[in-house]
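What follows is a short report on a single structure.
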Amino acid sequence: MSEETPTSREKLMKHCTVTKEQGRRGDVLIYGKHKYRMSRNLANLTEEECDKVVKVIELDAYIATLKERKATQASKRKPKADVIKIEARLCECGCKAMAKPERMFLPGHDAKLKSRLRKAAEDGDAKAIAELKARGW
Ligand SMILES: [Zn+2]
């Protein structure tokens, strides 16, 4: 029967780094990421008071783990993908079909347009002549 449950004071001593500060200040407890400045020295606390301190610290630690868990879950969540605009564009030949965004024409439709413009240009269509020039045809 030598296994005794540790007292709250023992818990505090075990889990916290106790550094007695200079002067009349209380102990400083460093528990994980938390740092507590006690209003009194740990040695002067009653077991009941130690119990309260343990509860506060454990609650803080518990809250911290919850926050961490939430943070890691949030980081695991897929980041909002950057919106990549893929705009299909109308084939420039005027067929009203959609060409791939990086292309101006559906395959072969540039030739269709070219021959149509040339025909129109031969008939004296100024617009067609201008478009041929603009396209470098
Ligand atoms: Zn087309």
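The values are calculated or read from the model by the stated rules, or taken from the named source; none is laboratory data. Keep in mind it's a predicted model, so treat the numbers as computed, not measured. Cβ placement follows ideal geometry from the backbone for every residue including glycine, while neighbour counts extend to all protein chains displayed.
General remarks:
- The number of residues in the stretch 99-137 that are surrounded by 13 or more Cβ atoms within 10 Å (Cβ to Cβ) and within 15 Å of the ligand (Cβ to nearest atom) comes to 15.
- LYS35 meets the conditions (1) out of contact with any helix residue (DSSP H, G or I) (no Cβ under 8 Å at 6 or more places or on another chain); (2) of a type in the set (D, E, K, R); (3) within 16 Å of the ligand (Cβ to nearest atom) in every case but one. The failed one is (3).
- Looking across the stretch 1-35 at every residue that is surrounded by fewer than 13 Cβ atoms within 10 Å (Cβ to Cβ) and assigned to a strand (DSSP E or B), the one that is modelled with the highest pLDDT is identified as LYS35.
- Helices (runs of 4 or more DSSP H) lying entirely in the stretch 36-137 (those with 3 or more residues that are closer than 29 Å to LEU12 by Cα and not basic (Lys, Arg)): 47-76
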